[in-house]
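Single-structure report; data block below.
The values are calculated or read from the model by the stated rules, or taken from the named source; none is laboratory data. Being a predicted model, the structure only gives us computed values, none of them experimental. We place every Cβ from the backbone using ideal geometry, glycine too, and count neighbours over all the protein chains shown. What goes into the accessible areas is simple: the full protein's heavy atoms, side chains included, and nothing from ligands, DNA or RNA. Shrake-Rupley method; radii C 1.70, N 1.55, O 1.52, S 1.80 Å.
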Amino acid sequence: MIIDTHCHLDDKRYNEDLDSVIANAKAKGVEKFIIPGADPKSLPRAVEISEKYEDVYFAVGVHPYDAAAYDRAVLEPYVNHPKCVAIGECGLDYYRLPESEEAIGAEKMLQKEVFIDQIKWAKELDKPLIVHIRDAGADSLELLEKYAGERGGVLHCYNADEQLLKLAEKNFYYGIGGVLTFKNARKLIHVYPKIPTDKLLIETDAPYLTPHPHRGERNEPAYTTLVADKMAELSGISREEIEKFTTDNCMQLFDL
């Protein structure tokens, strides 16, 4: 069994064929799915999907690109829903910043404030975090070490930043997705063996980051099998073993 720990099934690109997307994934052995919270506007759709499908869960949070739209009061009605398993995806993303130094400083400050509040909220609720980090490893590490609770969380789409491996000691897991199959994934392939086996998770980030050989197509949870195959190849073990420990890890982190 595989669990897709990060798939945006609330994305409009699945509006017409979500039943078949989930059925296709289940036919490939993907049994459970977690929809991360990214945009508050799509949260009601994520809740609706989780209520329709027994094996779909969701998280509540705001992506750093949408930090200006963050309002905990808007999100609070959803966190006690029985299908809400985490806070996030939240974090820091410095890949697209404004041009002026003043605007850059303001954007980084806003992202940090919103991230810190979600970290503290997860700690208050004793829920794991789903963390998004891009070009912001040092700042993210500092904030997580300072504010995160014992419950930890997952570094979604782990970016091979080795300094973040320290977070395994704070019960953080590492989400591995389609990037591992890319021809230019040398850095991640190099770092992958350094990740503790009991801290590995599988994800797609569907509909984004489609694994080889389907790059350019819409990603979907069924393609976790391609990620698991690559992990097995790099680990020198069977795919069944990869499926077993990543599923156990997910169940442990998210209490599924």
Mean 1/r over distinct Cα pairs of the stretch 36-94, inverted to a Kirkwood Rh in Å, yields 11.5 Å
If ligands, DNA and RNA are left out, what is the accessible area of residue 45 with a 1.4 Å probe, given in Å² to the nearest 10? 70 Å²
Among the complete DSSP H segments of the chain, which ones combine at least 18 Å of alpha-carbon extent along their axis with a mean Kyte-Doolittle hydropathy of -0.5 or more? 101-125
Residue-normalised accessible area of the chain, given per residue in Å² at a 1.4 Å probe: 45 Å²
What's the extension gain from residue 142 to residue 81 if we count 0.36 nm per residue and subtract their Cα-Cα distance? 18.9 nm
Sequence gap at least 6, Cα distance under 8 Å: using those rules, report the relative contact order of the chain to the nearest whole percent. 20 percent
Using +1 on the beta carbon of Lys and Arg, -1 on that of Asp and Glu, and nothing else charged, what's the dipole of the chain about the Cα centre, debye to 20? 460 debye
P(r), alpha carbons of the stretch 162-249 - 10 Å bins starting at zero, rounded %: 18, 51, 29, 2
How would the stretch 166-213 be classified by its alpha-carbon gyration tensor: rounded, prolate or oblate, with rounded meaning a/c under 1.5 and the a/b versus b/c comparison settling the rest? oblate
Per residue, how big is the convex hull of the chain when only Cα atoms are used? Give it in Å³. 122 Å³
Quick one: what do you get for the stretch 118-206 if you divide its Cα Rg by 2.2 N^0.38 Å? 1.05
Apply the Debye scattering formula to the stretch 1-142, with a single equal point scatterer on each alpha-carbon and no solvent, then give log10 I(q)/I(0) at q = 0.11, 0.16 Å⁻¹. -0.43, -0.84
Zone of residue 116's modelled label, taken as backbone nitrogen in the stretch 69-86 under 17 Å from a point 7 Å along Cα→Cβ: 70-72
The correct pair for the stretch 141-189, radius of gyration to one decimal and Dmax as a whole number, both in Å and from Cα atoms, is 11.9, 36
Points 7 angstrom from Cα along the Cβ direction at residue 214 and residue 125: gap in nanometres? 3.0 nm
